[in-house]
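Data block below; observations after.
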Amino acid sequence: MEPRALLDALHVAERLKDATRHCYTSQGRHESVAEHSWRITLMAYFVRDEFPEADMDKVIRMCLIHDLGECFTGDIPSFDKTQTDEEREERLLYGWVDSLPEPYRAEMRALYAEMAERKTLEARIYKAMDSLEAVIQHNESDLGTWSENEYSLNLTYGEDKVAFSPYLQRLRQAIRADTEQKLAAGKAE
């Protein structure tokens, strides 16, 4: 990529460092979208041996780019995001993607289409990582930062996304055990 085009793309992506999510870190500050994207990418790296038939390089690329639309809209929690929000984010994201030089424009368009359809193994793995990381982060944050609906949501969120994989189902069960332990400890206080 031409140096100026690279810098321009990185300046847009930098916005994710300041775009906060509704979740908090274990130290009590809002998590950034960039931090979430980094950790699901790390998760994909660590589980690559569980999916020898998958193109994990593609999964990692999906994880890296999955929330770039939030450079333009900020984070809207999944339980608050409307169809109008989705359409606006997609329109703004694709406007930016279309400004990128080839081959990045075509590759990102293809990845976003595959991610939206969730028919390939790679897209399903990426989406599972996205959902599971959100629950893991909630488990690491103080219960006082949880919204009322998250007490029940954290017990089931992402189950539909891991149904295709026995390994991811076991991971989801371990995460749920952490949630149950956190909730029990919170009641004891």
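The values are calculated or read from the model by the stated rules, or taken from the named source; none is laboratory data. Being a predicted model, the structure only gives us computed values, none of them experimental. Here the Cβ positions follow ideal geometry from the backbone for every residue, glycine too, while neighbour counts run over all protein chains shown.
Being at pLDDT 95 or above and farther than 22 Å from residue 66 by Cα: is that true of residue 152 here? Don't jump to the end; show me each part of the working.
Details: at pLDDT 95 or above: no; farther than 22 Å from residue 66 by Cα: yes.
No; evaluated as a whole, the condition is false for this residue.
Pull up region 121-140, narrow it to residues that are charged (D, E, K, R) and under 17 Å from residue 26 (Cβ atoms), then point me to the one that is surrounded by the most Cβ atoms within 10 Å (Cβ to Cβ).
Of the residues in region 121-140, the ones charged (D, E, K, R) are 122, 124, 127, 130, 133, 140.
Cutting the leftovers down to under 17 Å from residue 26 (Cβ atoms) gives us 133, 140.
On the way: 133: 24, 140: 15.
By that ranking, first place goes to 133.
Of everything in region 125-178, what is touching a residue at least 24 places away in the same chain (Cβ under 8 Å) and small (Gly, Ala, Ser)? Give them in sequence order.
Across region 125-178, the qualifying residues are 128, 131, 134, 141, 147, 158, 165.
Condition first: outside any helix (DSSP H, G or I), in contact with an Asp or Glu (Cβ under 9 Å, 6 or more places away or on another chain) and not aromatic (Phe, Trp, Tyr). Now tell me which residues in region 149-183 satisfy that.
Quick first cut of region 149-183, residues outside any helix (DSSP H, G or I) only: 149, 157-158, 163-165.
With in contact with an Asp or Glu (Cβ under 9 Å, 6 or more places away or on another chain) added as a condition, the list becomes 157-158, 165.
Result: 158, 165.
Going through region 27-55 one residue at a time, which ones are in contact (Cβ under 8 Å) with a residue 24 or more places away in the chain and touching an Asp or Glu at 6+ places or on another chain (Cβ under 8 Å)?
Matches in region 27-55: 28, 33, 36, 37, 39, 40, 43, 54, 55.
Looking only at residues that are closer than 23 Å to residue 105 by Cα and among the acidic types (Asp, Glu) in region 16-72, which one is surrounded by the fewest Cβ atoms within 10 Å (Cβ to Cβ)?
The qualifying residue surrounded by the fewest Cβ atoms within 10 Å (Cβ to Cβ) is 57.
Can you report the number of residues in region 34-57 which are assigned to a helix (DSSP H, G or I) and either among the small types (Gly, Ala, Ser) or within 17 Å of residue 97 (Cβ to Cβ) (or both)? Show your work before the answer.
Restricting attention to region 34-57, the residues satisfying the condition of being assigned to a helix (DSSP H, G or I) are 34-46, 48-50, 56-57.
Imposing the further condition that a residue be either among the small types (Gly, Ala, Ser) or within 17 Å of residue 97 (Cβ to Cβ) (or both) reduces the set to 34, 37, 44.
So the count comes out to 3.
Take residue 99 and tell me if it is exposed (fewer than 14 other Cβ atoms within 10 Å of the Cβ) and farther than 17 Å from residue 171 by Cβ. Before the answer, list the steps.
Details: exposed (fewer than 14 other Cβ atoms within 10 Å of the Cβ): yes; farther than 17 Å from residue 171 by Cβ: yes.
Answer is yes for this residue.
May I ask you to say which residue of 72, 46, 79, 51 is under 15 Å from residue 15 (Cβ atoms) and among the aromatic types (Phe, Trp, Tyr)?
On the way: 46 fails: under 15 Å from residue 15 (Cβ atoms); 79 fails: under 15 Å from residue 15 (Cβ atoms); 51 fails: under 15 Å from residue 15 (Cβ atoms).
The conditions single out 72.
I'm checking my understanding of the structure. Among residues of region 141-164 that are out of contact with any helix residue (DSSP H, G or I) (no Cβ under 7 Å at 6 or more places or on another chain) and buried (at least 17 other Cβ atoms within 10 Å of the Cβ), which one is nearest to residue 30 (Cα to Cα)?
Among them, the one singled out is 141.
Search region 77-124 for residues being without any contact (Cβ under 8 Å) to a residue 12 or more places away in the chain, under 20 Å from residue 57 (Cβ atoms) and not in a helix (DSSP H, G or I), and hand back the single one that is nearest to the chain's Cα centre (by Cα).
Among those that are without any contact (Cβ under 8 Å) to a residue 12 or more places away in the chain, under 20 Å from residue 57 (Cβ atoms) and not in a helix (DSSP H, G or I), it is 118.
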